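*Asks:* The structure follows.
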Amino acid sequence: MPAACESVLEDIEDIVSAEDLKPHDRRFVRRNVFPKVRKRNSQKNAQTDDEPPSDSIIPGVQKIWIRTWGCSHNNSDGEYMAGQLAAYGYKITDNSAEADLWLLNSCTVKNPAEDHFRNSIKKAQEGKKKVVLAGCVPQAQPRQDYLKGLSIIGVQQIDRVVEVVEETIKGHSVRLLGQKKDNGKRLGGARLDLPKIRKNPLIEIISINTGCLNACTYCKTKHARGDLASYPIEELVDRAKQSFQEGVCEIWLTSEDTGAYGRDIGTDLPTLLWKLVEVIPEGAMLRLGMTNPPYILEHLEEMAKILNHPRVYAFLHIPVQSASDSVLMDMKREYCVADFKQVVDFLKEKVPGITIATDIICGFPGETDEDFQETMKLVELYRFPSLFINQFYPRPGTPAAKMPQVPAAVKKQRTKDLSQLFHSYNPYDHKVGERQRVLVTEESFDSNYYVAHNPFYEQVLVPKDPLLMGKMVEVNIYEAGKHFMKGQPVSDARVHTASISRPLAKGEVSGLTEEFRRSAQNGTNWKAQPSAEIPVKTRLSSWMALQLPWQQERGGLKILSVSLALLAVLVMFYYGGMKTGL
């Protein structure tokens, strides 16, 4: 684990749903800052207060621990926040105990993920740590009781994380939950060229869009991510080019639904993919993220051609969720089982060997035994090598939470039955003896092997030879398990290196432009002045001048008026007290 952040990655569908916050509700979650006031006339209070005055704190020197839950989109957000904080001067640590502040980046897909998030907040508070909350949980429900009084950075405001952390360290509560817009049109989110610390320096995660076009009844993520908003193709291509220049050899495209990309800006996913493959160097690979069946159906021919490209993994994650049309209707998934089968059958025919991954929810409200048996038959038919099985959890505020629920014991049994079916077959046994080309990108969890992937994004374990890391090599498959194969490198095979640039070191900040480096050297735009050298009035709002280069086109947090009003009240109180004393 690099020093960038501690992260929990579940490579499953970012479940997305319908009931977004309404404009009336947005008023109550607008940006707020609540400064804490020290009583000037109480010497006793000043002596017993453990914390120094907020205006005596020098920002940018504290240690930050970052924890991320959830999907690859969330992990990319966490990497961007770590990069900006490190670029500003904060030390990103993987030791939570030594950190001054915990940045908790949450996932709202399932109850257990939110439970872990809530428990981490409690643990931070018990340890007297400063806390900043991020991700989909606080964005979707910022007024939950356990979030009161805590700083929140919204999913589209991650380019403001330095400001929020700075004010939180001073003892203030800051909330930024707004949407990024250009002439009234919602944007995909923060800029893609922000500094970043990649969890794996060899893998770049690029969010091509945020939100979706669906209205799934079980979903909570849409409350946070909203409707579809796509990044322009040229920005995505530029980000890919920059990544390869920094030694990246594998790119993951991610979003709540990659198949819907571009529908809001007059383009589509195949158009983007053809532009991206033009800039992928030899020895590097592109992995496409999750797509729902409705939005891939109309692009099947083009998608098959792209997935056959030698620098694109023949892999696609298409969540079916259920093989019952009645259950899919209750979920509002906007497709039927026949649509899913059409996509899978077509791609299997046109892209030989393709890996199809899928998701299934067990025990959705109203699911009968007959419905579940249809799902079991579908898994038996396709024998998916990668299957994400999820027991249904009713998420607060979703339509599915109000439906009559399947008994917990039944949900557990169905989850168990499906898991047993999945583990009853071995998808890779027939590949023993094959010679495969693989790209080596990471270390296994047990640290005994390096992890590589073949052209179908199937996991292949290879010997821990440092010369192999980041390289594309040929191996002979000599063993197969349920989730992996083992390969021995072929001695006479050619080794491909994806980029002429060396990969960044673990924890090294990506994307530091020359503009930023100049600012860092002269210290005029981003270094805080010692508070003792500047007047009190300036200290109250000095953070507003601490604009990082990627923030200079935007204003700081809009609390200057609040700060000045507070200062005026304090001054009046002070002089009023003096007059009364006279």
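The values are calculated or read from the model by the stated rules, or taken from the named source; none is laboratory data. Bear in mind that the values here come from a model prediction, so they are computed numbers and not experimental data. Counting neighbours? That spans all protein chains shown, and the Cβs are built from the backbone with ideal geometry, glycine included. All accessible areas refer to the heavy atoms of the entire protein, side chains included, with ligands and DNA or RNA removed. Shrake-Rupley method; radii C 1.70, N 1.55, O 1.52, S 1.80 Å.
*Asks:* Identify, please: which residue in segment 203-226 is of a type in the set (A, V, I, L, M) and surrounded by 24 or more Cβ atoms within 10 Å (Cβ to Cβ) and is, among those, nearest to TYR450 (Cα to Cα)?
*Replies:* Checked segment 203-226; the qualifying residue nearest to TYR450 (Cα to Cα) is ILE205.
*Asks:* Within segment 87-96, identify whether any single residue is modelled with pLDDT of 95 or more, among the hydrophobic types (A, V, I, L, M, F, W, C) and more than 15 Å from the chain's Cα centre (by Cα), and answer yes or no.
*Replies:* So far as segment 87-96 goes, yes, one or more of its residues are modelled with pLDDT of 95 or more, among the hydrophobic types (A, V, I, L, M, F, W, C) and more than 15 Å from the chain's Cα centre (by Cα).
*Asks:* Would you mind stating whether VAL132 is at pLDDT 95 or above, in contact with a helix residue (DSSP H, G or I) (Cβ under 7 Å, 6 or more places away or on another chain) and either surrounded by fewer than 24 Cβ atoms within 10 Å (Cβ to Cβ) or of a type in the set (Val, Ile, Thr) (or both)?
*Replies:* Yes.
*Asks:* Could you pull out the residue among ASP55, ASP77 that is closer than 18 Å to GLU166 by Cβ, outside any loop (DSSP other than H, G, I, E, B) and at pLDDT below 95?
*Replies:* ASP55
*Asks:* Additional query: Any chance segment 364-385 includes a residue that's assigned to a strand (DSSP E or B), among the aliphatic types (A, V, I, L, M) and either closer than 30 Å to GLN139 by Cα or without any contact (Cβ under 8 Å) to a residue 60 or more places away in the chain (or both)? Break it down into steps so the answer makes sense when it comes.
*Replies:* Start the filter on segment 364-385 by keeping residues that are assigned to a strand (DSSP E or B), which leaves none.
There is no residue in segment 364-385 that is assigned to a strand (DSSP E or B), among the aliphatic types (A, V, I, L, M) and either closer than 30 Å to GLN139 by Cα or without any contact (Cβ under 8 Å) to a residue 60 or more places away in the chain (or both).
*Asks:* Within segment 88-126, which residues are open to solvent by less than 10 Å² (accessible area, probe 1.4 Å), assigned to a helix (DSSP H, G or I) and within 25 Å of PRO201 (Cβ to Cβ)?
*Replies:* Correct list: TYR88 only.
*Asks:* Considering each of ILE233, ILE265, ILE206 in turn, give the residue that is under 26 Å from ALA134 (Cα atoms) and either among the β-branched types (Val, Ile, Thr) or out of contact with any Ser or Thr (no Cβ under 7 Å at 6 or more places or on another chain) (or both).
*Replies:* ILE206
*Asks:* Pull up segment 386-405, narrow it to residues that are among the small types (Gly, Ala, Ser) and assigned to a helix (DSSP H, G or I), then point me to the one that is farthest from TYR428 (Cα to Cα). Walk me through it before giving the result.
*Replies:* So the first thing to find is which residues in segment 386-405 are among the small types (Gly, Ala, Ser), and the list is 386, 397, 400-401.
Then drop every residue that is not assigned to a helix (DSSP H, G or I), which leaves 400-401.
Details: ALA400: 37, ALA401: 39 Å.
Going through the qualifying residues, I end up with ALA401.
*Asks:* Restricted to segment 140-157, and to residues that are in contact with a strand residue (DSSP E or B) (Cβ under 7 Å, 6 or more places away or on another chain) and not in a loop (DSSP other than H, G, I, E, B), which residue is surrounded by the fewest Cβ atoms within 10 Å (Cβ to Cβ)?
*Replies:* LEU147
*Asks:* Every residue in segment 319-343 that is among the hydrophobic types (A, V, I, L, M, F, W, C), crowded, with 21+ Cβ neighbours inside 10 Å and either in a helix (DSSP H, G or I) or under 24 Å from the mean Cα position of the chain (by Cα) (or both), please. Quick ask: steps written out before the conclusion?
*Replies:* First, the residues of segment 319-343 that are among the hydrophobic types (A, V, I, L, M, F, W, C): 320, 323, 327-329, 331, 336-338, 340, 343.
Subsequent filtering for residues that are crowded, with 21+ Cβ neighbours inside 10 Å retains 320, 323, 327-328, 331, 340, 343.
Within segment 319-343, VAL320, VAL327, LEU328, MET331, PHE340, VAL343 meet the criteria.
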